[in-house]
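Before any comments, here is the structure.
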Amino acid sequence: MTATSTDTTLVAHWIDGAATSVDEARTAPVFNPATGREIARVALADQAEIDAAVSAAVTAQEAWGALSLGKRAAVLFAFRELLASHADELARIISREHGKVVSDARGEVARGLEVVEYACGLPQLMKGELSDEAATGIEVFTTREPLGVVVGITPFNFPAMVPLWMSPMAIATGNAFILKPSERDPSAANVLARLWQQAGLPDGVFSVLHGDKDAVTALIEHPDVAAVSFVGSTPIARSVHAAATAAGKRVQALGGAKNHGVILADADLEDAADHLTAAAFGSAGERCMALSVAVVAEEIADELVALLAERARAVKVAPGDQPDSDMGPVITAAAKERIEGLIGSAEREGADLVVDGRGLQVEGHEEGFFVGPTLIDKVSTEHEVYREEVFGPVLDIVRVADLDEAIAVVNANPYGNGTAIFTGSGAAAREYRRRVKVGMVGVNVPIPVPVAWHSFGGWKDSLFGDSPIYGPEGVSFYTRPKVTTQRWPARRVAASFHFSGDSDK
Ligand code: NAD
C-alpha cells in the first residue's frame, strides 16, 4: 500500500491487486494540516500506469461481471465487515491528512458503510422486469448489464465517504472501478483497496490511480473507460462533464454548493442556533452540505445572531486528533489564505463582522492551517463572501422580511445542493419544500444527506449530467438496460414481412 524510502513515506498506486513502485520524481506533497508539515509524497500517474490500470480492469471486469449475483454479494458482505472493523484505522488516517476531528471522520466512514450495506442487496437491485404474454406467446424482459470499466474522481473533503458513494455501487453491479482520489489526502483510498482485496474481490476490479488534472484527463479520454463519476468543485465538475460527454462517456459530475438555512420567526431559536453552528463550522465548513448562509427573518435576526455569536466563540478549535476538538484546520495554507481573504472582503464591502476567525493561533500548532469560526451579519447577495463558495468555517447572515423573500434569495443562487428550513409551521415547511429549487431539503434537519437507499444529488450548478449518486439512481447509472423479446413456438407460425403492430397481437 504505502512504500517507504529512506526518509519519505510514499503513497503508491494500487494496480491489479498490488502497490506499484513509486518514481519519486513524479510525486506531490501531502501535508498534515494541523502542523503544516509535509508528511508524505503521493505518486502522480503517468500514461503507462494509467494504461496498466485500465488494462487490468478490462480483464478483471469480464470475469467479475459474469460471476453469479450470490458470489458477488458474498464479497460485498465481507467488505462490509472489514470496513466496519477498520473504521477507527481509517478515521485516524483521514484526520491526519484532512484535519477533521476523528469522530467526524468516523462518521464519514459510517455514511460510506451505509452505501455498502445497500449494495449488499444487489440480487434484489439487479432484478429486471418481465411482461408475460406481451403479445401472443411472447414475453418481453429487461435485464441490466454493467458498463465495463468506470472511473471515480473524488474530492479531498470526504476521502473515504465519496469513494464509498461510488465504488460499492459500481462493483456490485458488475463493473471494474478505478478510483482517482484527491492528491491532498490520498491514503484512505489505499486502505479501501486493501480491504476490498481481503474481502475476496478479484485483483483489478478495484484500483487506485493517484494523480492530478493530467491523470483525470487521460482517464476520461481512455477508450476503454465507459463512464465517469466525479465529485468536486463546480468549475472542474463542469469541465469534466463537458470533456466526458465530448468523449462519448456516461458522466455524473457533482459540483460545489452554497447551502442556505432559512430560519423563520416561529422557529425554536436555541435549537436552530445549535444546529446552524454545527452545520456551519463542523469539519471547518469543508462539507459540500455545510450550511454557509443563514437566511433569517428580520424580526428575530438580532436575537439569533447573539445566540450564534455565543456559540461560535465557544467552538474548540484544535488538531483533529485531540478528543475535545470540535473543529480542526482547513486543508492547505492556500485554502486558509483564500478564506481569510474572503472574510476581509466582507468587511471591506460593508458587512458586519460579528466573530472574526482570522489570525487564530492554536498553541503548539502555530504553523497549522487554522481559521476560527467566523460569523458575518448583514451580508448582501452582492457581497463576494456570499457569491463565492468559501468552503471554510464562515457563516453569512442574510436578513429577509418573510418566507417569500427567503425563497427568492435561495432560488436566485446558482447552486442548488442542499438547504434546510427551521420553523414550527408545517404549512411553511411544506411551501418551502415545494417551491425551493434545490435537490436536497431538510425540515428542521440542518444537513439533509439522504440515506443510502435514496439518492444524493443537487440541482443547477451543483450537479452536471442527469444522474444523482448512489441509491436507486446509482444502480441505474452503473448499468444499461437490455430488452429481450422472445417466443418459444409450440407450433410453426407464419413469418411476416411487415413490422408487427397492434393488429398482429
Ligand atoms: P476539486 O474540484 O479541486 O478536486 C476534485 C477532484 O478533481 C480531485 O480528485 C482533483 O485531483 C481533481 N482535479 C483538480 N483539478 C482538476 C482539473 N483541472 N481537471 C480535472 N480534475 C481536476 O475539489 P476539492 O477541492 O478536492 O473538493 C472540494 C469541492 O468539492 C467543493 O467545491 C465541494 O463543494 C465539492 N464537493 C461536492 C460534493 C457534492 O456532493 N456535490 C461533495 C463533496 C465535495
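The values are calculated or read from the model by the stated rules, or taken from the named source; none is laboratory data. Since we're looking at a predicted model, the values are computed, not measured. Using ideal geometry, Cβ is built from the backbone for each residue, glycine included, and neighbour counts are taken over all protein chains shown. The protein model used for the area step is the full one, side chains on, heavy atoms only, and it has no ligands, DNA or RNA in it. Shrake-Rupley method; radii C 1.70, N 1.55, O 1.52, S 1.80 Å.
Figures for the structure shown
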{"item": "Cβ pairs under 6 Å, 6+ apart, first in the stretch 205-225 and under 20 Å from residue 167 (Cα atoms), second among the charged types (D, E, K, R) and open to solvent by 50 Å² or more (accessible area, probe 1.4 Å)", "result": "212/183"}
{"item": "Sole residue being crowded, with 20+ Cβ neighbours inside 10 Å, on the phi > 0 side of the Ramachandran plot and under 18 Å from the mean Cα position of the chain (by Cα), chosen from 99, 112", "result": "99"}
{"item": "Selection from the stretch 212-227 of residues that are outside any helix (DSSP H, G or I) and more than 7 Å from the ligand (Cβ to nearest atom)", "result": "222, 223, 224, 225, 226, 227"}
{"item": "Unique residue being in contact (Cβ under 8 Å) with a residue 12 or more places away in the chain, part of a loop (DSSP other than H, G, I, E, B) and open to solvent by less than 50 Å² (accessible area, probe 1.4 Å) when the list is 357, 344", "result": "357"}
{"item": "Per-region count, the stretch 441-462, residues over 13 Å from residue 254 (Cα atoms), open to solvent by 10 Å² or more (accessible area, probe 1.4 Å) and either within 14 Å of the ligand (Cβ to nearest atom) or not aliphatic (A, V, I, L, M) (or both)", "result": "8"}
{"item": "Test: residue in the stretch 218-239 that is among the polar types (S, T, N, Q) and within 30 Å of residue 422 (Cα to Cα)", "result": "yes"}
{"item": "Contacts under 7 angstrom Cβ, first residue in the stretch 65-84 being touching a residue at least 12 places away in the same chain (Cβ under 8 Å), partner charged (D, E, K, R), 6 or more apart", "result": "80/117"}
{"item": "Residue match in the stretch 162-177 (condition: open to solvent by 10 Å² or more (accessible area, probe 1.4 Å) and touching a strand residue (DSSP E or B) at 6+ places or on another chain (Cβ under 9 Å))", "result": "no"}
{"item": "Candidates 200, 232 - the one that is within 13 Å of the ligand (Cβ to nearest atom), surrounded by fewer than 24 Cβ atoms within 10 Å (Cβ to Cβ), under 25 Å from residue 110 (Cβ atoms) and assigned by TED's automatic domain parsing to the domain that holds residue 470", "result": "232"}
{"item": "Residue check, residue 108 under 23 Å from residue 203 (Cβ atoms), among the charged types (D, E, K, R) and not in a loop (DSSP other than H, G, I, E, B)", "result": "no"}
{"item": "Pair list, Cβ < 7 Å and 6+ apart or interchain, from the stretch 252-281 residues that are more than 24 Å from residue 100 (Cβ to Cβ) to residues that are assigned to a helix (DSSP H, G or I) and of a type in the set (Asp, Glu)", "result": "265/299; 269/303"}
{"item": "Residues that are in contact (Cβ under 8 Å) with a residue 40 or more places away in the chain and over 18 Å from residue 376 (Cβ atoms), drawn from the stretch 298-321", "result": "318, 319, 320, 321"}
{"item": "Any hit, the stretch 385-397, residues being open to solvent by 20 Å² or more (accessible area, probe 1.4 Å), at pLDDT 95 or above and among the aromatic types (Phe, Trp, Tyr)", "result": "yes"}
{"item": "Any chance residue 247 is touching a residue at least 24 places away in the same chain (Cβ under 8 Å), surrounded by fewer than 24 Cβ atoms within 10 Å (Cβ to Cβ) and not assigned by TED's automatic domain parsing to the domain that holds residue 180", "result": "no"}
{"item": "Residue selected from the stretch 463-488 under the condition surrounded by 16 or more Cβ atoms within 10 Å (Cβ to Cβ) and of a type in the set (Phe, Trp, Tyr), by the criterion nearest to residue 237 (Cα to Cα)", "result": "464"}
